[in-house]
Structures are given as structure tokens and as C-alpha cells.
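What follows is one structure encoded as C-alpha cells, with my remarks underneath.
The values are calculated or read from the model by the stated rules, or taken from the named source; none is laboratory data. Note that the structure is a prediction, hence the values are computed from the model and not measured. Note that we place each Cβ from the backbone using ideal geometry, even for glycine, and neighbour counts take in every protein chain shown.
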Amino acid sequence: MKYSIFHTSQCGSTLLATLLKEKRRTYSEPSWACAGDMSNIFSAEDETIVKYPSFASLACRIMPGKKIFIFRGLKDHLEKITSKPSAMEKHLLRHYPFNKHVRNLFPKVVADNDLKKLAFVWAHMYLDAFYSQNVLFIDANKFFLEPIITLKLITNFFGFDLVEDLEPLNFYVKKDFLATENNLSEIIPTEKIPFNIKDGYIKSTNFSEIENWVQEHIFSQIISNEIFPLFRNKDGEPIYSFIPGKTILLEKN
């Protein structure tokens with residue numbers, strides 16, 4: 001069995017992976033899982049947990065095994081991403097072009113400002129999980145407010161015993177446990193900077209107009225009993241029929 005963690009970015013996924021490290025060999029965005037051409041997308045060994053980068057949400061549809069999708073709702077997601085310049089830059093300069101030109105699930109959608117571009121990316125991630133199998137959805141706010149209850153939900157879904165080492169809930173884990181080639185259980189943190197997990201909670205009252213835009217231009221255009229077109233590009237060719245190792249070329253609109 002393979003165990004995977006997918007996410008919407010900046011939502012507690014690294015912390016979740018760190019907490020699960022005692023249950024199975026666990027990896028958090030190692031380089032082999034982050035290749036843009038998906039050349040190593042099936043490299044995860046059985047009985048391991050892999051947290052994939054947010055842009056690789058498409059792997060949720062084709063990866064075997066059980067999967068967690070931890071996410072922020074759109075308004076909360078926008079609140080978080082716009083509060084961090086580095087996250088904004090990454091989404092606008094890397095994730096949006098990838099989703100717009102390589103994924104191309106919504107070729108007719110025009111995202112004419114930064115917020116719409118962020119929402120466009122979020123919609124891809126969310127729908128990838130929504131139309132996948134064997135996925136447990138975890139609202140990030142529930143995780144931040146009730147981490148023990150949420151962890152029990154996740155371990156029950158994976159078929160694991162309860163997590164015993166809860167220390168990662170109390171310090172920032174990204175510095176040491178993100179984007180490493182090592183099994184997370186082998187890592188000794190260099191500095192345990194205190195962290196209050198409830199600080200991760202966000203309940204935004206902003207961005208209603210963007211939420212409405214996504215509903216009108218993306219969600220409402222999906223025919224619920226005809227999801228297969230989501231797997232095709234504007235020429236009607238399957239997007240997910242790629243050969244690992246073959247570079248995905250950008251399409252010219």
C-alpha cells in the first residue's frame with residue numbers, strides 16, 4: 001500500500017507529514033517527487049508515506065493507495081497566500097503557468113488579475129482531489145483547532161495505530177522537515193522554534209468576489225456525471241496519458 005499527502009499549499013501538510021513519520025517511512029517533497037515532467041511520479045515504495053508538492057495534485061488522480069488531501073477553503077487560501085510574498089511569487093510565476101499552459105483543464109477561463117490566477121491554481125488542486133478515489137479530505141482549520149481528533153481520523157483511514165509523538169505540534173517543522181531526501185524519522189531538528197498550532201487557523205471574510213468568479217466560470221461549468229472531459233486538453237487529447245520521463249511541453253494558446 002502507498003500512502004500519499006496532497007494539499008493546497010501553506011495549509012499544514014508538512015506538519016501532518018512530520019507527525020505521521022513514526023507510522024511509516026515518510027518523505028516530505030523530496031526532489032524526485034517534485035520533477036515538473038513527472039518522471040518519477042511512481043517512485044514511492046510500498047509502505048511509505050509521501051507528501052507531494054501542491055502543483056503535483058494531478059498525481060492524486062493516478063496514484064494507487066490511500067491519499068489525504070489537506071486544504072484551505074478558497075477564501076482562507078487566498079488570505080494565507082497573499083500574506084506571504086514568497087508564496088505569492090511561487091504561485092504566480094511557477095504554479096499558474098504550469099496549470100494554465102501544461103494542465104489546461106479550463107482553456108476558456110481568463111484570469112485577468114493575480115487573485116484570479118491564484119484561484120485558478122487552487123481550483124485545479126481541489127478538483128484533482130475531488131475527482132480522485134480513496135481520498136480523505138481534511139479541512140486545515142479543523143486540523144489546526146483539533147489536531148488530535150484530526151490525526152485519529154487520518155490514522156483510522158490509513159489503518160495505522162494512533163500517533164504517540166505529538167511534539168511536532170509545538171514547533172515550526174518546515175525548516176528541517178520540508179524538501180529533504182531523508183526519511184523524516186531520521187531527522188533531528190536544528191532548532192525547535194515554538195509554534196502555537198492554533199495560529200494556523202484562518203477564517204477569511206475577504207475575497208467573496210473571487211469565490212463567486214470560481215463558482216461561475218469553473219465549478220458551474222462542470223457536468224457532474226461527465227467528468228472525463230476534465231482529463232482532456234483543448235484538442236480532446238488525454239492530459240494524463242503521459243510517459244514518465246518524457247518532458248511535458250508547454251502548449252501555445
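Within region 172-201, can you find the residues that are over 19 Å from CYS11 (Cα atoms) and loosely packed, with under 13 Cβ neighbours inside 10 Å?
GLU181, GLU186, ILE188, THR190, GLU191
So SER39 clears everything in (1) touching a residue at least 60 places away in the same chain (Cβ under 8 Å); (2) of a type in the set (Ser, Thr, Tyr); (3) crowded, with 17+ Cβ neighbours inside 10 Å except one condition, right? Which one?
(3)
Can you pull out the residues in region 37-67 that are farther than 15 Å from THR155 by Cα, over 16 Å from the mean Cα position of the chain (by Cα) and not hydroxyl-bearing (Ser, Thr, Tyr)?
Listed by number, the residues that qualify are ASP37, ASN40, PHE42, ALA44, GLU45, ASP46, PRO64.
If you take the residues of region 223-246 that are assigned to a loop (DSSP other than H, G, I, E, B) and buried (at least 16 other Cβ atoms within 10 Å of the Cβ), which of them is modelled with the lowest pLDDT? Break it down stepwise before answering.
Quick first cut of region 223-246, residues assigned to a loop (DSSP other than H, G, I, E, B) only: 223-227, 233-237, 239-246.
Filter once more, keeping what is buried (at least 16 other Cβ atoms within 10 Å of the Cβ): 239, 242.
On the way: ILE239: 69, PHE242: 60.
If we take residues in region 223-246 being assigned to a loop (DSSP other than H, G, I, E, B) and buried (at least 16 other Cβ atoms within 10 Å of the Cβ), then PHE242 is modelled with the lowest pLDDT.
Pull out all pairs, ordered by first then second residue, where Cβ-Cβ is under 9 Å, the residues are six or more apart or on different chains, the first lies in region 125-154 and is on the phi > 0 side of the Ramachandran plot, and the second is buried (at least 19 other Cβ atoms within 10 Å of the Cβ).
Sorted first by the residue in region 125-154, then by its partner, the pairs are ASN134/LYS67.
Taking into account only those residues within region 189-205 that are in a loop (DSSP other than H, G, I, E, B) and charged (D, E, K, R), which is nearest to the chain's Cα centre (by Cα)? Spell out the reasoning first.
Going through region 189-205, the residues in a loop (DSSP other than H, G, I, E, B) turn out to be 189-193, 195-196, 201-205.
Okay, now just the ones that are also charged (D, E, K, R), so 191-192, 203.
Details: GLU191: 26, LYS192: 25, LYS203: 19 Å.
Result: LYS203.
Taking region 172-183, which residues are of a type in the set (Asp, Glu) and part of a loop (DSSP other than H, G, I, E, B)?
GLU181, the sole residue that qualifies.
So, in region 127-171, of the ones that are in a helix (DSSP H, G or I) and acidic (Asp, Glu), which residue ends up surrounded by the fewest Cβ atoms within 10 Å (Cβ to Cβ)?
Here is the first cut: in region 127-171, the residues in a helix (DSSP H, G or I) are 127-130, 140-145, 147-158, 167-170.
Those left that are additionally acidic (Asp, Glu): 128, 167.
Values: ASP128: 22, GLU167: 11.
Step by step, filter region 127-171, then rank; the result is GLU167.
Go through (1) touching a Leu at 6+ places or on another chain (Cβ under 9 Å); (2) modelled with pLDDT of 95 or more; (3) under 25 Å from HIS95 (Cα atoms) for GLU216 and report which single condition fails.
Going through (1) touching a Leu at 6+ places or on another chain (Cβ under 9 Å); (2) modelled with pLDDT of 95 or more; (3) under 25 Å from HIS95 (Cα atoms) one by one, GLU216 breaks only (1).
Looking at TYR27 and the list (1) among the aromatic types (Phe, Trp, Tyr); (2) buried (at least 20 other Cβ atoms within 10 Å of the Cβ); (3) more than 21 Å from PHE71 (Cβ to Cβ), which single condition is not satisfied?
With respect to (1) among the aromatic types (Phe, Trp, Tyr); (2) buried (at least 20 other Cβ atoms within 10 Å of the Cβ); (3) more than 21 Å from PHE71 (Cβ to Cβ), TYR27 is out only on (3).
Condition first: touching a strand residue (DSSP E or B) at 6+ places or on another chain (Cβ under 8 Å) and either assigned to a loop (DSSP other than H, G, I, E, B) or under 12 Å from THR26 (Cα atoms) (or both). Now tell me which residues in region 1-15 satisfy that.
Start the filter on region 1-15 by keeping residues that are touching a strand residue (DSSP E or B) at 6+ places or on another chain (Cβ under 8 Å), which leaves 1-8, 11-14.
Across region 1-15, the qualifying residues are MET1, LYS2, TYR3, SER4, ILE5, THR8, CYS11, GLY12, THR14.
Residues to consider are LEU58, LEU105; find the one that is modelled with pLDDT under 95 and in contact with a Leu (Cβ under 7 Å, 6 or more places away or on another chain).
Working: LEU58 fails: in contact with a Leu (Cβ under 7 Å, 6 or more places away or on another chain).
On inspection, the qualifying residue turns out to be LEU105.
State whether one or more residues within region 37-46 are of a type in the set (A, V, I, L, M) and more than 19 Å from HIS95 (Cβ to Cβ).
Going residue by residue through region 37-46, those that are of a type in the set (A, V, I, L, M) are 38, 41, 44.
Filter once more, so that each one left must be more than 19 Å from HIS95 (Cβ to Cβ): 44.
Looking through region 37-46, at least one residue is of a type in the set (A, V, I, L, M) and more than 19 Å from HIS95 (Cβ to Cβ).
So the check is Cβ under 6 Å with 6+ separation or different chains; which pairs have a first residue in region 73-85 that's within 16 Å of ASP139 (Cα to Cα) and a second one that's not in a helix (DSSP H, G or I) and not hydrophobic (A, V, I, L, M, F, W, C)?
LYS75/SER204; ASP76/SER204; HIS77/THR8; GLU79/SER204; LYS80/GLN10
Counting only residues that are more than 15 Å from GLN215 (Cα to Cα) and not in a helix (DSSP H, G or I), how many does region 72-104 have?
4
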